[in-house]
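*Asks:* Would you mind keeping the following structure in view while I ask a few things?
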Amino acid sequence: MTGEQPAARPLALEVIAVPNDGSMSDQPTNATIVGTDEVFIVDPGDQAGVEIIGRAIDARRGVRVKAIILTHAHPDHAVAAPALRQRYGCPIMLNPKERPILRQFLDWSDVDLSLKGGMTLTVDGGRLETLDTPGHTPGHVALYEPVARVLIAGDLVAGHGTVGIFPPHGKMSEYFDSLTRMRALDIRSIIPGHGETLTQPPDVFGRYIERRTSREREIYAVVARGPTTIEAMLPELYPDVVPQFRRAAAATILAHLEKLRAEGRVTADSDDPFNARWRVSE
């Protein structure tokens, strides 16, 4: 039959685990090479990603790197980007809302193209759709491949454990909104920022919403017993937290408290939230 358009084919996706330094040393970052002959590099990771991703690209012989896409600007996702930009002469794409969290490894002058939700990025005959997913960071963006219905999620979800929300740049209310919007999509598999790819996920986003809602109820119940500090809440809410993640656990409690305060349900007696005594609003 003439006049028919060929069926769209899904983009090739190669996920490469890039080791991290520091507090993330036990959680490699999932870098993703999107495409075959012309490619995007998504979240090349920490310093080790310069050579690991470089070897993977060079092994393809003649492939053109169209852009390096950063879901967000945390170091475990972005440190390798400037060196790979120089190596392949390709632009870096990042949401301008990430500027407040940039560190010395990445300057805004290194960013060539602005990234935001609602864009269509074409490569190798296919496309990625960009989705605003703030919460973990102010300008977090996820990438959706619509043919295979794959979400490159960055730190919206994790292959194991949960995702930290750290004020002032991380906002729990925005994170809830992002999870709710992603839940409405018909996603077949999720490439998280860390951990195994989630294939045929059984309502991953619903589980995340329920887990965060449950934690919020626990925090409110502790505060409802009487004025208390975040430091005093930690042993009850996170009894098994390892020392290097204690600060992250405290920050996540604060993120929930800030959401509850914005809803008028709790208040604090000081502008220093980690040392303030939190109480239920009158």
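*Asks:* Taking Cα centroids, how far is the stretch 108-187 from the stretch 211-282 in Å?
*Replies:* With the stretch 108-187 and the stretch 211-282 each reduced to a Cα centre, they are spaced 27 Å.
*Asks:* Which residues among the stretch 189-230 fall inside the zone where the amide N is under 18 Å from a point 7 Å beyond the Cα of Arg246, along Cα→Cβ?
*Replies:* 229-230
*Asks:* In bins 10 Å wide, starting from 0, what share of all Cα pairs of the stretch 212-280 does each bin hold, as a percent?
*Replies:* 21, 61, 18, 0
*Asks:* May I pose another question? Using the count of nearby Cβ atoms within 10 Å as a rough guide to exposure, how do Glu231, Glu282 rank from fewest to most?
*Replies:* Ordered by Cβ neighbours within 10 Å, fewest first: Glu282, Glu231.
*Asks:* Provide the percentage of antiparallel DSSP beta bridges, counting only those with both residues in the chain; round to the nearest 5.
*Replies:* Rounded to the nearest five, the antiparallel share is 70 percent.
*Asks:* Can I ask one more? Sorted by average packing, counted as other Cβ atoms within 10 angstrom per residue and highest first, what order do 166-172, 115-121, 67-73, 128-134 take?
*Replies:* Listed from highest to lowest mean packing, they are 67-73, 128-134, 166-172, 115-121.
*Asks:* Where in the stretch 50-79 does the label zone of Ala262 land, with the point 7 angstrom along Cα→C-beta and an amide N cut-off under 15 Å?
*Replies:* No residue qualifies, since no backbone N sits under 15 Å from the label point.
*Asks:* Express the Stokes-Einstein translational diffusion coefficient of the stretch 1-126 in µm² s⁻¹, to the nearest whole number, given a Kirkwood radius over alpha-carbon pairs, 37 °C and a viscosity of 0.692 mPa s.
*Replies:* The calculation lands on 216 µm²/s.
*Asks:* Ok, one more. Relative contact order for the stretch 13-201: what is it in percent, counting Cα pairs under 8 Å that are at least 6 residues apart?
*Replies:* 16
*Asks:* What does the extension gain come out to for Ala184 and Ser109, with contour length at 0.36 nm per residue minus their alpha carbon separation?
*Replies:* Additional length available on full extension: 23.4 nm.
*Asks:* With a Cα-only, solvent-free Debye model of the stretch 132-282, what are the log10 I(q)/I(0) values at q = 0.11, 0.15, 0.19 Å⁻¹?
*Replies:* -0.45, -0.78, -1.13
*Asks:* Test of understanding: what is the full-extension gain from Asp26 to Ser214, defined as 0.36 nm times their sequence separation minus their Cα-Cα distance?
*Replies:* Full extension of this stretch gives 65.0 nm more.
*Asks:* Further question on the same structure: Taking neighbour Cβ counts within 10 Å as the exposure measure, how do Ser281, Ser178 sort from fewest upward?
*Replies:* Ser281, Ser178
*Asks:* Which residue fluctuates most in the GNM of the chain (Cα springs below 10 Å): Val157, Val141, Val63?
*Replies:* Judging by the Gaussian network model, the answer is Val63.
*Asks:* Report, to two decimal places, the Cα Rg of the chain normalised by 2.2 N^0.38 Å (N = number of residues).
*Replies:* 1.08
*Asks:* Cut-off is 10 Å between beta-carbons; in what order do Glu210, Glu38 appear when sorted fewest neighbours first?
*Replies:* Least crowded to most crowded, the residues run Glu210, Glu38.
*Asks:* Under 11 Å from a label point 7 Å along Cα→Cβ of Asp37: give me every residue in the stretch 69-91 with its amide N that close.
*Replies:* Once the point is set 7 Å along Cα→Cβ of Asp37, nothing inside the stretch 69-91 turns out to lie under 11 Å by backbone N.
*Asks:* Quick one: which residues, 5 or more positions from His194 or on another chain, have an amide H under 5 Å from its amide H? H modelled 1.01 Å from N in the peptide plane, none for Pro or chain starts.
*Replies:* Asn30, Gly159
*Asks:* Based on the Cβ-Cβ distance of Thr162 and Ala221, what FRET efficiency does E = 1/(1 + (r/R0)^6) give at R0 = 25 Å, to the nearest 0.05?
*Replies:* With a Förster radius of 25 Å, E is 0.85.
FYI, it's all coordinate maths here, none of it is from the lab. These figures come from a predicted structure and were not determined experimentally. Glycine also receives a Cβ, built like all others from the backbone with ideal geometry; neighbour counts cover every protein chain displayed.
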